[in-house]
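The values are calculated or read from the model by the stated rules, or taken from the named source; none is laboratory data. Quick caveat: nothing in here was measured; it's all calculated off a predicted structure. Note: ideal-geometry Cβ built from the backbone for every residue, glycine included; neighbour counts use all protein chains shown. Heavy atoms of the whole protein, side chains included, go into the accessibility calculation; ligands, DNA and RNA do not. Shrake-Rupley method; radii C 1.70, N 1.55, O 1.52, S 1.80 Å.
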Amino acid sequence: MSDLFWLTDKQIERLRPFFPKSHGKPRVDDRRVLSGIIFVNRNGLRWRDASREYGPHKTLYNRWKRWSDMGIFMQMMDGLSAAKAEPQTIMIDATYLKAHRTASSLRFKKGDPRRLIGRTKGGINTKLHAVTDQNGRPLSFFMTAGQVNDYTVASALLDSLPMARWLLADRGYDADWFRDALEEKGIKPCIPGRKSRGKPVKYDKRKYKRRNRIEIMFGRLKDWRRVATRYARCPTVFFSAICLAATVIFWL
């Protein structure tokens, strides 16, 4: 089929350093299996609906689940972004991802990890927070339930922010403590003030216009149906889908 997705040999070689070592029996063809995993995630298919050219669907699912639990797809994005990022100016923002009923169904069991699914005016969803470089390429992600405030998550991301000269964000991140913390790290905030502020906040409006690149990044991520709609109950598996999409779209 001409519309199937296949990784090139060059792309596989760039990903190979992140593959876990094979113990015992050699793994099935990495290029075929990874291409099938990407195809399923991009098109929002059930694993059993994967094309036969990718091999048994059970093999695709087992590789996907095992590598997700090991954090392999997160390591791919982190490793490739660290080598090619341009973080002189960084941006931070968040977006909502709809949760399908299959992700929010069943009661919680004692001892189960939190699913990071919340309820807002828009329905049941998960909130994805991202930090990108000046070109809108993702450097790191953070996932919360949908009702969590933006600047609350900013405090968790503060220590992991790369060294940069500027940080662009919308007025949802307008808080005095956040501005002071950025200044202490040597980062100049370019954040418009909230409308409720009595005194207007000065910011570089020309530089702020570049923030549309992070919005474009979210739009491209949501072209992948398993990212735009959360089908997985496990937050680790869903987060792996996000990291895989970001790796293929922006860093390969």
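What the table below lists for this structure:
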item: R206 surrounded by fewer than 16 Cβ atoms within 10 Å (Cβ to Cβ), more than 30 Å from W67 (Cβ to Cβ) and in contact with an Asp or Glu (Cβ under 7 Å, 6 or more places away or on another chain); result: no
item: Of the criteria (1) within 18 Å of L252 (Cβ to Cβ); (2) under 19 Å from the mean Cα position of the chain (by Cα), which one T8 fails; result: (2)
item: Every residue from the range 150-169 that is outside any helix (DSSP H, G or I) and either modelled with pLDDT under 85 or in contact with a strand residue (DSSP E or B) (Cβ under 9 Å, 6 or more places away or on another chain) (or both); result: L161, P162, A164, R165, W166, L167, L168, A169
item: Positions within the range 194-235 being of a type in the set (G, A, S), part of a loop (DSSP other than H, G, I, E, B) and either out of contact with any helix residue (DSSP H, G or I) (no Cβ under 7 Å at 6 or more places or on another chain) or modelled with pLDDT under 90 (or both), in sequence order; result: S196, G198
item: One residue from G136, G172, G186 being in contact with a strand residue (DSSP E or B) (Cβ under 8 Å, 6 or more places away or on another chain), at positive phi, open to solvent by less than 60 Å² (accessible area, probe 1.4 Å) and of a type outside the set (A, V, I, L, M); result: G136
item: Which numbered condition L97 fails, given (1) aliphatic (A, V, I, L, M); (2) at pLDDT 90 or above; (3) closer than 30 Å to D170 by Cβ; (4) part of a helix (DSSP H, G or I); result: (4)
item: Within the range 7-32, tally of residues that are farther than 17 Å from A245 by Cβ and either part of a loop (DSSP other than H, G, I, E, B) or β-branched (V, I, T) (or both); result: 13
